[in-house]
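One structure below.
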Amino acid sequence: MTYVLRTKLVKVDVMFDLSKVRERECLPPRREPYWQRLRPGCFVGYRPSLRGGLGTWIARTYDGDARSYKLKALGGFGGAQSRERFVVAKQAAEAFSNLVEGGGFVERHSIRSEMRANIMQAPMRRSRRDSGDTFTVTSSLA
């Protein structure tokens, strides 16, 4: 009897020390940020710029109520010196994480998504002028 063991190749993302300027400068640009774990469920990410120049810092934290990660773009912190940008990004990421963990984070919705949600929940009724299977949606958007 022969057994075949099948294994999956799993891509393991190497953790980088984003606090070191030299390591950040050597990172190749890509869409997915390079993440550094600050504490369980709290990460700070760095995305190098495709055009050269300042990269973008991102905060990621786990929301236990929603059972998903929340992201927030923090910006480039161009006003801070290179060696201080990680410290500022870390403080901003931790503040965002504390806000999410405390239940104070409210996702912003666009007007379009709000209107779409209201229209989908609006009652559908047949108009007197319409014939056949044509329906009109009436909704009071305040």
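Please treat every number below as a calculation from the coordinates, not as lab data. Here the structure is a predicted model, which is why all the values come from computation and not from measurement. Glycine also receives a Cβ, built like all others from the backbone with ideal geometry; neighbour counts cover every protein chain displayed.
With the checklist (1) assigned to a helix (DSSP H, G or I); (2) of a type in the set (D, E, K, R); (3) surrounded by fewer than 19 Cβ atoms within 10 Å (Cβ to Cβ) in hand, flag the one item Arg85 doesn't pass.
Single failed check for Arg85: (3).
Cβ-Cβ below 8 Å, separation at least six or inter-chain, first residue in region 59-72 and of a type in the set (A, V, I, L, M), second surrounded by fewer than 16 Cβ atoms within 10 Å (Cβ to Cβ): which pairs?
Ala59/Leu71
Applying the selection to region 17-38, what residues are within 16 Å of the chain's Cα centre (by Cα) and either loosely packed, with under 15 Cβ neighbours inside 10 Å or of a type in the set (Ser, Thr, Tyr) (or both)?
Arg30, Arg31, Glu32, Tyr34, Arg37
Pairs needed: first member in region 88-101, over 13 Å from Gly41 (Cβ atoms); second member anywhere, among the charged types (D, E, K, R) and surrounded by 16 or more Cβ atoms within 10 Å (Cβ to Cβ); C-beta distance under 9 Å; at least 6 residues apart or different chains.
Note: pairs meeting the criteria are Ala92/Lys72.
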